[in-house]
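A.B. asks: Structure in structure tokens, see below.
The values are calculated or read from the model by the stated rules, or taken from the named source; none is laboratory data. Please read all numbers here as calculations on a predicted model, not as lab measurements. Counting neighbours? That spans all protein chains shown, and the Cβs are built from the backbone with ideal geometry, glycine included. Please note that ligands, DNA and RNA were not included when accessible areas were found on the heavy atoms of the full protein model with its side chains. Shrake-Rupley method; radii C 1.70, N 1.55, O 1.52, S 1.80 Å.
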2 protein chains.
Amino acid sequence: MKIRPRHSRPRYDARARIAKALAHPSRLMILEALEDREVCVCDLTDLVGADQSTVSKHLAVLKQAGLVEDRKDGVMVFYKLKVCCLQGFWDCIETVLSQNLKAQQAVLR
Amino acid sequence: MKIRPRHSRPRYDARARIAKALAHPSRLMILEALEDREVCVCDLTDLVGADQSTVSKHLAVLKQAGLVEDRKDGVMVFYKLKVCCLQGFWDCIETVLSQNLKAQQAVLR
DNA sequence: TCGCTATTTGGTGTAATGGCCATATAGCCA
DNA sequence: TGGCTATATGGCCATTACACCAAATAGCGA
């Protein structure tokens, strides 16, 4: 049966660009940390435990995707969430993970 | 200020694995098509417009992530969604996109 | 101004991703 | 069985992603 895409190709590309920004453990960790409050790069670097330049690049990815925004304060830069819709994303991911876990346990039995 | 990760490193890795599976335009297109009904590989191949082997590999990625499952029927293989939590994901992505659009329009003005 | 700190940017090596082609596998039917 | 169709897999190549180091940039305080 012939299936038509619901949206245009560029639309899927745009969606994928956002999804890609969400697809790295360090970036997930960062986003979660920004859930409560804005945080400076130095603290995020400690949190992630990677090179500071690496973290800076992850932040650039998140910013480029429109997920976070930054604010300079003197020498320091603070990042905060720009969107408030991430809960749906977390819920989705966690649901999949727990379902996968359940499936795996079923296999073992 | 010292920030503690809320979860373990492997937990973030696991989350990122799921997110990665969602981070490709063809796979997003496929997931959306599977929203309503199960679909065979041949129809998905038409839909995506890539080589059949390419689509097969995308499906393997989705399956590996636990997002879809397959059912053989004779020569054909039908895929369907294994999770029902994707709406939260779509909403999140679309919210970000529309917000980005709004921001862009504000710049032009 | 000088030096110190916070951050970003550029360079480079390496690994992962994704595309297609060719091939393997498997069911179905004559 | 032989041939056709549907799907998966292996190989290869080009591109992208990501890690670290080194260097550039910028604010601040002595």
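A.B. asks: If only one of A:L59, A:L44, A:L108, A:L97 is more than 16 Å from DNA strand D (Cβ to nearest atom) and either open to solvent by less than 80 Å² (accessible area, probe 1.4 Å) or in contact with a Gly (Cβ under 7 Å, 6 or more places away or on another chain) (or both), which one is it?
C.D. replies: Working: A:L59 fails: more than 16 Å from DNA strand D (Cβ to nearest atom); A:L44 fails: more than 16 Å from DNA strand D (Cβ to nearest atom); A:L108 fails: either open to solvent by less than 80 Å² (accessible area, probe 1.4 Å) or in contact with a Gly (Cβ under 7 Å, 6 or more places away or on another chain) (or both).
Just one listed residue meets the conditions, A:L97.
A.B. asks: OK, next. Would the range B:82-97 turn up any residue that is within 11 Å of chain A (Cβ to nearest Cβ), under 14 Å from the mean Cα position of the chain (by Cα) and among the aromatic types (F, W, Y)? Give the steps one after another, and end with the answer.
C.D. replies: At the first step, the residues of the range B:82-97 found to be within 11 Å of chain A (Cβ to nearest Cβ) are B:82-97.
Subsequent filtering for residues that are under 14 Å from the mean Cα position of the chain (by Cα) retains B:82-94.
Adding the requirement that they be among the aromatic types (F, W, Y) leaves B:89-90.
Yes, there is a match, as at least one residue in the range B:82-97 is within 11 Å of chain A (Cβ to nearest Cβ), under 14 Å from the mean Cα position of the chain (by Cα) and among the aromatic types (F, W, Y).
A.B. asks: Further question: Of everything in the range A:62-79, what is on the phi < 0 side of the Ramachandran plot, outside any strand (DSSP E or B) and either buried (at least 17 other Cβ atoms within 10 Å of the Cβ) or more than 7 Å from DNA strand C (Cβ to nearest atom) (or both)? Give them in sequence order.
C.D. replies: Of the residues in the range A:62-79, the ones on the phi < 0 side of the Ramachandran plot are A:62-65, A:67-73, A:75-79.
After this cut, where a residue has to be outside any strand (DSSP E or B) as well, the list is A:62-65, A:67, A:75.
Across the range A:62-79, the qualifying residues are A:L62, A:K63, A:Q64, A:A65, A:L67.
A.B. asks: What's the number of the only condition in (1) away from DNA strand D (no atom under 16 Å from the Cβ); (2) within 29 Å of B:L81 (Cβ to Cβ); (3) out of contact with any strand residue (DSSP E or B) (no Cβ under 8 Å at 6 or more places or on another chain) that A:E35 fails to meet?
C.D. replies: Looking at each condition in turn, A:E35 falls short on (3).
A.B. asks: Take the residues in the range A:40-56 that are more than 9 Å from DNA strand C (Cβ to nearest atom) and either within 16 Å of the chain's Cα centre (by Cα) or at pLDDT below 95 (or both); name whichever of them is nearest to the other protein chains (Cβ to nearest Cβ). Write out each step before concluding.
C.D. replies: Taking the range A:40-56 first, the residues more than 9 Å from DNA strand C (Cβ to nearest atom) are A:46-50.
Next cut, either within 16 Å of the chain's Cα centre (by Cα) or at pLDDT below 95 (or both) only: A:47-48.
Details: A:L47: 5, A:V48: 9 Å.
This residue is A:L47.
A.B. asks: Just wondering, is there one or more residues in the range B:71-83 that are acidic (D, E) and farther than 30 Å from A:C85 by Cβ? Outline the logic, then answer.
C.D. replies: First, the residues of the range B:71-83 that are acidic (D, E): B:73.
Cutting the leftovers down to farther than 30 Å from A:C85 by Cβ gives us B:73.
Looking through the range B:71-83, at least one residue is acidic (D, E) and farther than 30 Å from A:C85 by Cβ.
A.B. asks: Turning to a different aspect of this structure: Could you tell me how many of the residues in the range A:1-54 are assigned to a helix (DSSP H, G or I) and under 15 Å from B:L97 (Cβ atoms)? Spell out the reasoning first.
C.D. replies: Going residue by residue through the range A:1-54, those that are assigned to a helix (DSSP H, G or I) are A:9-21, A:25-33, A:41-48, A:52-54.
With under 15 Å from B:L97 (Cβ atoms) added as a condition, the list becomes A:9-21.
So the answer is 13.
A.B. asks: Name, by its number, the condition in (1) assigned to a helix (DSSP H, G or I); (2) within 9 Å of another protein chain (Cβ to nearest Cβ) that does not hold for B:L59.
C.D. replies: Against the list (1) assigned to a helix (DSSP H, G or I); (2) within 9 Å of another protein chain (Cβ to nearest Cβ), B:L59 comes up short only on (2).
A.B. asks: If B:Y79 satisfies every condition in (1) under 18 Å from the mean Cα position of the chain (by Cα); (2) more than 8 Å from chain A (Cβ to nearest Cβ); (3) away from DNA strand D (no atom under 14 Å from the Cβ) but one, which is the exception?
C.D. replies: (3)
A.B. asks: Under 6 Å between Cβ atoms, which residue pairs at least 6 apart in sequence (or on different chains) link something in the range A:85-109 that is among the acidic types (D, E) with a partner that is open to solvent by less than 60 Å² (accessible area, probe 1.4 Å)?
C.D. replies: Between residues of the range A:85-109 that are among the acidic types (D, E) and residues that are open to solvent by less than 60 Å² (accessible area, probe 1.4 Å), the close pairs are A:D91/B:G88.
A.B. asks: Out of the residues in the range A:14-41 that are of a type in the set (D, E) and surrounded by 13 or more Cβ atoms within 10 Å (Cβ to Cβ), state the one that is nearest to A:K72 (Cα to Cα).
C.D. replies: The initial filter retains those residues of the range A:14-41 that are of a type in the set (D, E), namely A:32, A:35-36, A:38.
Retained after the next criterion (residues that are surrounded by 13 or more Cβ atoms within 10 Å (Cβ to Cβ)): A:32, A:35, A:38.
On the way: A:E32: 21, A:E35: 19, A:E38: 12 Å.
Restricting to residues being of a type in the set (D, E) and surrounded by 13 or more Cβ atoms within 10 Å (Cβ to Cβ), the top hit is A:E38.
A.B. asks: Within the range A:3-20, is there a residue that is facing chain B (nearest Cβ under 9 Å) and over 18 Å from B:P25 (Cβ atoms)?
C.D. replies: No, the range A:3-20 has no match at all.
A.B. asks: Exactly one of these conditions fails for A:N100: (1) closer than 26 Å to A:R37 by Cα; (2) out of contact with any Phe, Trp or Tyr (no Cβ under 8 Å at 6 or more places or on another chain). Give me its number.
C.D. replies: (1)
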